[in-house]
1. Taking interchain pairs and intrachain pairs at least six residues apart, which have beta carbon atoms under 7 angstrom, with the first residue in the stretch 231-257 and at positive phi and of a type in the set (Gly, Ala, Ser) and the second more than 6 Å from the ligand (Cβ to nearest atom) and part of a loop (DSSP other than H, G, I, E, B)?
2. From the list Glu32, Glu112, exactly one residue is surrounded by fewer than 13 Cβ atoms within 10 Å (Cβ to Cβ) and assigned by TED's automatic domain parsing to the domain that holds Glu281. Which is it?
3. How do the strands (runs of 3 or more DSSP E) wholly within the stretch 63-173 filter down when requiring 1 or more residues that are hydrophobic (A, V, I, L, M, F, W, C) and within 17 Å of Glu420 (Cβ to Cβ): which remain?
4. Which one of Met15, Met26 is closer than 30 Å to Gly152 by Cβ and buried (at least 17 other Cβ atoms within 10 Å of the Cβ)?
5. Of Ser91, Ser82, which residue is in contact (Cβ under 8 Å) with a residue 40 or more places away in the chain and surrounded by fewer than 13 Cβ atoms within 10 Å (Cβ to Cβ)?
6. Any residue in the stretch 316-335 that's within 18 Å of Glu281 (Cα to Cα): show its pairings with residues that are within 9 Å of the ligand (Cβ to nearest atom) and in a loop (DSSP other than H, G, I, E, B) at Cβ separation under 8 Å, as long as the two are six or more apart or on different chains.
7. Please work out which residue is surrounded by the fewest Cβ atoms within 10 Å (Cβ to Cβ), limiting yourself to the stretch 142-159 and to residues that are more than 23 Å from Gly196 (Cβ to Cβ) and of a type in the set (Gly, Ala, Ser).
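The values are calculated or read from the model by the stated rules, or taken from the named source; none is laboratory data. Computed from a predicted structure; not experimentally measured. So basically every Cβ, Gly included, is an ideal-geometry build from the backbone, and we count neighbours across all protein chains shown.
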Amino acid sequence: MIYNKKEETMPREEMRKLQLERFQKMVKFAYEKVPFYKKKYDDAGFDPNSIKTLNDIKKIPFTVKADLRDNYPYGLLSVPPSKLMRIHASSGTSGKPTVVCYTKDDMRVWTECCARLAASAGVNKNDIVQVSFGYGLFTGALGMHQGCEKLGASIIPASSGNTERQIMLMKDLQTTVLVSTPSYALYIGEMLEKLGYDIKDFKLRIGLFGSESSTPEMHNEIKKKLHIFTNDNYGLSELIGPGVSGECTEKCGMHINEDHFYPELLDSDTLEDVPIGSYGELVLTTLTKFGMPIIRYRTKDITKLDDTPCKCGRTSVRMSKLKGRSDDMLIIRGVNVFPSQIESVLLKMAEVGGQYEIIVTRENYMDKLEVIVEVADGSLLTDLHKLNSLRDKIKHNLKTILQLDVNVKLAEPLSLKRYEGKSKRVFDNRNLNN
Ligand code: DLL
């Protein structure tokens, strides 16, 4: 189902016209109402009235995470805090969180964007949606809650954690849609088997998964365990939360809500445009979120864009699954490694389970890459011969893709740490900043 036919299937030329109108308005508004932008633009000699084409966006200075941190908590607001309807925050790695604020109008936009992505994955008014993201400052739970509610679905605000109870609720309340991180969905699938449930006794049909990277191989694993259609959706608190983009049932990229977010794809080093079809850093501009406008935000997320028509009828540009973030790319002995490449190799192999950890250390100035992965069948651990040959096979497959020797450790099923929210799979212990 297409939630907003007019805007989601708008001819490309019309969309560009709409984006330009909204963009011109947004830039002037931000300059006039947010002292942070006024100062930034004056310092850079940029005149907000000089935007005549979408290409003129290139004249505008970027906004980066540090700008939000330096202007904590309310420095990017265009309205007094009392005019806000909602305040969320995302926890940073250190120090103060990044605060994100919504006026009543912004809430309407956000809700619609989430409703669109849920509808595009097939959610409808008859669904029972279990939201297993943590409720609180995190944008994921309430964002998806509102979006699915807008479609008329029934919502179970389960929040994250207490996995056995999640599964019991899922079965007893006849949940049809699961909203969570992909890694938590996989864990739910594993626990379901371990607790002796049969997935055939559940009514689950769709998973709306986002907030962290997941490869197609990981979606396959989830599909095998939960027998559902798996959707990947993307967003970030700084821009709005979930609802920037999401996969439709064709699963050929995540449709960007381009009437609300203007995407650019740049080379992180040269800051030049990257041609369509090549990987680059996504830079986003809010076109309709006025409470806290975010203009040319460098997301650090690495993706590709695709503007070919989609069979679903939506005309929006699609972004590929994230290759990773520019800041989680590991450089191991000079070789660039994205954790998603490792995940793809591992999860293509039927002998390994869905959970793994990547550990990087440095010994005598040499980087060492180690991968710990759970075997799918625990009985293998008693057969030394089979174990060694599986280890060699994984090493070989990783070397073929990464061109690196990787130390592989095999672990028992369910022995690695599970996460109820975003998972942590990479442990870089090199202290590169010291
Ligand atoms: O994770 C918003 C969200 C909630 C999106 C629920 C989708 C579903 P933050 O906590 O601010 O916001 O984290 C944003 O998470 O810059 C990406 O690096 C990563 N991320 C989000 N969605 C995906 C995805 C929410 N589908 C950061 N695939 C972003 C890969 C994702 N990474």
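1. Note: pairs meeting the criteria are Gly243/Asn257; Gly253/Ser320.
2. Working: Glu112 fails: surrounded by fewer than 13 Cβ atoms within 10 Å (Cβ to Cβ).
Result: Glu32 is the single residue among Glu32, Glu112 that is surrounded by fewer than 13 Cβ atoms within 10 Å (Cβ to Cβ) and assigned by TED's automatic domain parsing to the domain that holds Glu281.
3. The qualifying strands (runs of 3 or more DSSP E) are 128-131, 154-156.
4. Met15 is the lone residue from the list that is closer than 30 Å to Gly152 by Cβ and buried (at least 17 other Cβ atoms within 10 Å of the Cβ).
5. Working: Ser82 fails: in contact (Cβ under 8 Å) with a residue 40 or more places away in the chain.
Going through Ser91, Ser82 in turn, the sole match is Ser91.
6. Listed by first residue and then by second, the contacts come to Lys321/Ser213; Lys321/Ser214; Leu322/Ser213; Gly324/Ser213.
7. Once the filter is applied, the top-ranked residue is Gly152.
Residue by residue, here is whether (1) assigned by TED's automatic domain parsing to the domain that holds Ser423; (2) within 22 Å of Tyr234 (Cα to Cα); (3) touching a residue at least 60 places away in the same chain (Cβ under 8 Å) holds:
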position	(1), (2), (3)
Pro293	no, yes, yes
Ser344	yes, yes, yes
Val352	yes, no, no
Asn364	yes, no, no
Ile372	yes, no, no
Ala376	yes, no, no
